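Inspection log for the structure reproduced underneath, given as C-alpha cells.
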Amino acid sequence: MSFELLQDMFYAAPELWYGLSAVFVLLLFAVLVVGIKLLKLRQKNYFLNRDRERYAETLYASKDGYFAFIYPDEKVNDPCQMIRERCSRRLAVILNLEKGTNSSFEDVLKTFYKDDAKKLVKYIGLLMDDGVSFEDEFVLKASGKHIKLAGSRISGLDGNVYCDMIWFRDVSFESNKIEELEKEKNEAQKSMQSLQDVIDNLPYPIWLRDENLKKVLINKKYIDFVPDATREEILDKGLEIQNAGGESSARNLALAAQAANKIKKETVSLVKNGKRFSFEAIETPFHAGQSLDKICTVGALVDVTELDDLKRNLKLHQNAHLEILGALGTAFAVFDNKFKLSFYNKAFAAFWKLEDVWLESAPSYSMFLDVIREKRMLPEVPDFRLYKNDEQKDFSVIIEPKEDMLHLPDGRTFRRVRAPHPMGGLVFAFEDVTDRLATRRAYNSLLSVQKEILDNMFNPVLIFGSNGRLIFYNKAYLDMWNADELMLQNEPGIDEIVEAQAEFFSNVDNWKLLKKDIIQHLTSLTTKSFSIKRSDGLSIEVLTAVLSDGSILITYKQL
C-alpha cells in the first residue's frame, strides 16, 4: 500500500482515523497501567514471601521446638478442609524423632511415658475444643530429658482460628540445677537447724551482732534472761540483758571489742529468781564474709558463780596457809608466774640475810639470784646467765614438788624444795642441812666400819630388824650354811632363814617341830644361847642378843 493511498483514505474519512488513534492511545495507556500494577503486585508478593521465609526461619532457629495443628481458613473457600499437623525441625532434634519434620503427633506421644502421654492428650483435647492453654513439665522416656510444654491457641484479629501450638523447651539443665539447688537448700536448712539446735541447747546465753552491733541471732537461753519478751521482740527492739544495777554492759563491751578487734571480757552480776549470780560476759569480734570493713561480734554470758566462790575459798585457804608458813621456822617464799616475789616469811629473810624493805618491793627471781650470788650463797657455776635462764625455765616445767641440794663455796649445803603454786609460779622452801649431812656421813661411816668388822669376823652373823626381816649377813654365814646369797639379799624373814637350813637336819624325824623350837629360841627375849647338831655331825652354839633399836643379833659358833 503506497503512501498516496493512505493519504487518500485519511482525507476520505478523517473522523475514523482520529477515533482509531484515540483508541490506540487508550489501549496503550491501559497496558501501561496494568503493567505498573503487575510490577507492584510482584514486588509485594516478593516481600510477603521473603517475610514468610524470615518468620519461618526465625521459628526454626528458636531453641524451642513446636508442634502445630493448623486449621482450614473459615473466611475463604480454603481448598484444605482437614487439620494439618506440622512438626518443627527443632522439635525433631529435641525428641530425636526418626521421621524428622514428617513426624505425627502420635510419634511425639511415643517419646513420653504412658501416663504422661495420657495427660498430654487431655491437655491437647482441652486446647483444641475450648482453646484452654496449658503449661507443664514432663520427662522423656528414652533420654530422661526434662521437657517443658506450653500449649496456646493462635487466632487472628477477625476471630479466625489459625492454629493450636504446643511449644517444647528442653529444660533439663535448669531442672537439674533446680534439683541441685533444692538439695543444697535442704542440706543448708538441716545444717542451720542443727546449728540452731546446738546453740539453743547451750546452758548459757549466746548472741550474734552485725557490723552495726545489732543482734541478729540469739539462743533459747538468752530469752530466759529477758523476762516477758519473745525472740522476735528481743531482736526487733534490740533488748539487752540487764545487770544487777539495771544496766547493760554487753553492748559497750561489744563496742570495745569491735574497736580493738580483740576479745573483751568482763565479770558482771545478775539477779535471777531473786538470787545474785556472777557471769563473765565475752564479746569476740570477727570479719563478716571475709570483709575487713565489716566487724561483727559473737557474745556469750557464762555463769562463773561457782568459780568465784571457789576462788574466794581458795584465797582464804591460801591466806591461811601463808599465815601458817609465816609462823614456821623453815624459810618459805612464793614467786608468782611473772617471777615476782609475792610472799615470804621472816625465816626466809633471816635465812638469806635480806632486808624487809627490799623484799617488800617485790623483786624478781632474777634479782633475788643476783643478790644471793653476791653473798656467795649460790653454787659456783661457769655461766651464771645460763644458770638463771635455766632456773626461770623451771617455772613452766615443774608440775610436782622437786627437791635438790645447793652446795655453797664455803662448804655449807642448803636443801631446796620447789613446788607449783595453785595460782601460778613456784613455792620455795630452803633449809640448811650442813650439820645433818655431816652427822649422816659420820653415821654412815660408823655403819660402814661396823659392817667391815662383822664381815671379817670368823663366826657367822645375822642381824634381823625390828620388823623381823634380815638386814645383815656376813661371808662366814654363807660358808657355814651354804646359803643362797640372792635369797639373803631379798631380806627374808626368820622363818625363811630357818627353813633354808632344813637340808642340814635330814636325820630329824620331825623337822617342823624342830623348826618351831629354833624360831622360838631365836625370838625369845630370855634365851641367850642354845645348841643344835646338824646331820653332818657339826655341833653349833647359837647366841642371840636384842640390840637397842629392837634388832636381833644372831651369832653361830662351832663347838
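Using the C-alpha gyration tensor of the range 479-553, what are the square roots of 5 times its eigenvalues, in whole angstrom, with the largest one first?
20, 17, 12
Kindly report, to the nearest 10 Å², the accessible surface of E240 as traced by a 1.4 Å probe over protein heavy atoms only.
Spelled out: E240, probe radius 1.4 Å, area about 30 Å².
Mind jotting down a quarter of the surface of the convex hull over the alpha carbons of the range 343-413, in square nanometres, one decimal?
Numbers: hull surface 21.8 nm².
Computing the convex hull of the Cα atoms and averaging its projections yields 5.5 nm².
Need the list of lysines near K393 for cross-linking: C-alpha distance under 20 angstrom, and skip anything on the same chain fewer than eight residues off.
Leaving aside lysines fewer than 8 places away in the same chain, those within reach of K393 are K338, K340, K402.
So if we plug the beta-carbon distance of D509 and N482 into 1/(1 + (r/R0)^6) with R0 = 30 Å, what FRET efficiency do we get, rounded to 0.05?
0.85
Quote to one decimal, in nm, the extra length available between Q489 and Y46 on full extension: 0.36 nm per residue of separation minus the C-alpha distance between them.
146.5 nm
Of the heavy-atom accessible surface of the range 132-241 (probe 1.4 angstrom), what whole percent is carbon and sulfur?
Roughly 55 percent of what the probe reaches on the range 132-241 is carbon or sulfur.
Considering the options N490, F530, W511, tell which one lies farthest towards the positive end of the dipole of the range 470-538, charges being +1 on Lys and Arg and -1 on Asp and Glu at the Cβ, about the Cα centre.
F530
How much of the calculated P(r) for the range 171-260 lies past 15 Å, in percent of all Cα pairs? The partial results should precede the final answer.
Numbers: 2747 of 4005 pairs.
Distances greater than 15 Å cover 69 percent of the Cα pairs.
Using 7 Å Cα-to-Cβ label points, what is the L20/H407 separation (nm, one decimal)?
Going from the L20 label point to the H407 one covers 16.5 nm.
Per residue, how many Å² of accessible area does the range 359-518 show with a 1.4 Å probe?
61 Å²
To the nearest 20 debye, what charge dipole does the range 64-153 have about its Cα centre, counting +1 at the Cβ of each Lys and Arg and -1 at the Cβ of each Asp and Glu?
Dipole size: approximately 340 debye.
Roughly how compact is the range 59-216, stated as its Cα Rg over 2.2 N^0.38 Å to two decimals?
For the range 59-216, the normalised Cα radius of gyration comes out at 1.64.
Could you name the lysines in cross-link range of K220, using Cα to Cα under 25 Å and dropping any fewer than eight places away on the same chain?
K185, K190, K237, K264, K265, K272, K275
Once each part is reduced to its C-alpha centroid, what is the distance from the range 503-559 to the range 99-165 in angstrom?
Cα centroid to Cα centroid, the span is 123 Å.
The values are calculated or read from the model by the stated rules, or taken from the named source; none is laboratory data. The shown structure was predicted, so the numbers you read here are calculated from the model rather than taken from an experiment. Heads up, the Cβs are rebuilt from the backbone with ideal geometry, glycines too, and the neighbour counts pull from every protein chain shown. Protein only, heavy atoms only, side chains kept; ligands, DNA and RNA dropped before computing areas. Shrake-Rupley method; radii C 1.70, N 1.55, O 1.52, S 1.80 Å.
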